[in-house]
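Notes for the one structure printed next.
Derivation of every value follows stated rules applied to the coordinates shown; laboratory data play no part. It should be emphasised that the depicted structure is a prediction, and the values quoted were computed from it without experimental measurement. Glycine also receives a Cβ, built like all others from the backbone with ideal geometry; neighbour counts cover every protein chain displayed.
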Amino acid sequence: MKLLKKAASVAAVAALAASTALTASAQTTTLRIQTHFSPETLSGQLAAKYVEDITAMSNGEIQVEMFYSSSVVKSVETFDAAATGILDCDMTGGAYQTGKNPAFQFTGDLMGGYSNPYQQMAWLLHADGRAAINELYNTYDMEFIGWWIPGPESLSSTKPIRNVEDFKDWKFRSPPGLATKVFSNLGASPIVMDFNEIFTALETGIIDGADAANLTNNIGLGLYDIAEHTNFPGFHSMPADHLACRKDVWEAMPAHHKKIMEVAMDSLALHNATLNEVRNAQNAQELRAKGVNLYEWSPEELAKFREAVKAGWTEFATTPEAVALLESHVNFLTEIGAMR
């Protein structure tokens, strides 16, 4: 009996020691992340889901304070805010950083290059895209974690946008980067502004339309309350929103935290692409019923736009890093038969 009690006592001590060691070895990662999406949009809701996922998978070891609607700094300043310690991670998009190097355009939106999110994710996952992007990000003390791509975007407009001709003298909100060059070459007047300024600019007539997001997120932004014209399916742009963290923060994380964040980003990408595909199709029907004009461009007009994009690629790739990334995309698209 004494032996049994002694054995039980030893087992209890061992269990306590193991528990104490496990607790002592647990490491907490605390992150401050900013996204340009509002919590009301589908993308904002999916960003919240990402936070819930990594918190649950890490058993609470990863803690995130998420800032929505670019509430700490402007969207274009998020990358630098993370790199300098104001934030820890940037959940906007690489194309906002083209002022640093035009190569950032090709880390976020090839504008008309890929037909759907699955092709673009294939480049990232199966053609060493993640490593190629990090060659650029690491030079700015940032680590690229992953992409999430809602799919082709739709323009919103207070005027018809039926073809290339309708872009002449069309004033619209544009993201920075390649979009400004392509649309300017087609006769439009792009104005770079933040997400949270679009609604007021449309309402007051400062702009005629916006290159903001897909149908679903445009609805979340309230744009179709003012703009009664849009295009669907989208074709002009399919930006990849990214998660990128300051390199020293990333390197300080335990390996399992890094893996959780990477795998959760790939999961977010799948949920984002598939859910947006469903919601966009549903919302297209609802918008038509409400009297919004949805224009499906003809193959001839799409070809005109594609030629303008190809010319824009060459004009925009003005640094060795930009040329290398563009070549990587084009080679992959050619290999899978999506481009000749």
Query raised in the report: How high is the FRET efficiency between A131 and E300 when r is their beta carbon distance and R₀ equals 45 Å, given to the nearest 0.05?
Result: 0.70
Query raised in the report: Which distance in nm do the two modelled labels at I206 and S115 give, with both placed 7 Å along the Cα-to-Cβ direction?
Result: 3.9
Requested in this report: Report the charge-dipole magnitude of the chain in Debye, nearest 20, computed about the Cα centre from +1 at each Lys and Arg Cβ and -1 at each Asp and Glu Cβ.
Outcome: 980
Query - Cα-based convex hull, the chain, per residue volume (Å³, whole number) - result: 153
Report summary line: In the chain, taking the dipole from +1 charges on Lys and Arg beta carbons and -1 charges on Asp and Glu beta carbons about the Cα centre, the listed residue (A131, M253, I219) farthest towards the positive end is M253
Query - Helix-only CD estimate at 222 nm, as mean residue ellipticity for the chain, using -39500 (n - 2.57) per DSSP H run (n ≥ 4) - result: -15000 deg cm²/dmol
Report task. Calculate the dipole size of the stretch 254-340 relative to its Cα centre from +1 charges on Lys and Arg beta carbons and -1 charges on Asp and Glu beta carbons; express the result in debye to the nearest 20. Result -> 260
**Report entry** Rounded to the nearest 20 debye, dipole of the stretch 133-234 from Cβ charges on Lys, Arg, Asp, Glu
**Finding:** 320
Query - Helix 255-289 vs. the chain, principal-axis angle (Cα, 0 to 90°, nearest 10) - result: 40
Query - Total formal charge among the other residues, if their Cβ is under 13 angstrom from that of F104, Lys/Arg +1 and Asp/Glu -1 - result: -4
Requested in this report: Return one quarter of the surface area of the convex hull spanned by the alpha-carbon atoms of the stretch 266-340, equal to its mean projected area, in nm².
Outcome: 7.6
**Report entry** Burial ordering of W170, W148, fewest other beta-carbon atoms within 10 Å first
**Finding:** W170, W148
Query raised in the report: Counting pairs of alpha carbon atoms under 8 Å apart in space and at least six apart in sequence, what relative contact order in percent does the chain give?
Result: 23
**Report entry** Acute angle (nearest 10 degrees) that the helix 42-57 long axis makes with the longest principal axis of the chain, alpha-carbon atoms
**Finding:** 20
Requested in this report: Subtract the Cα-Cα distance of T318 and D80 from 0.36 nm times their separation in residues, and report this length gain in nm to one decimal.
Outcome: 83.5 nm
Report summary line: So, with points 7 Å from each Cα along the Cβ direction, the H256-V72 label distance in nm works out to 2.7
Report summary line: Which of K74/K310; K74/K247; K74/K100; K74/K159; K168/K290; K74/K258 exceed 23 Å between C-alpha atoms? The answer is K74/K310; K74/K159; K168/K290; K74/K258
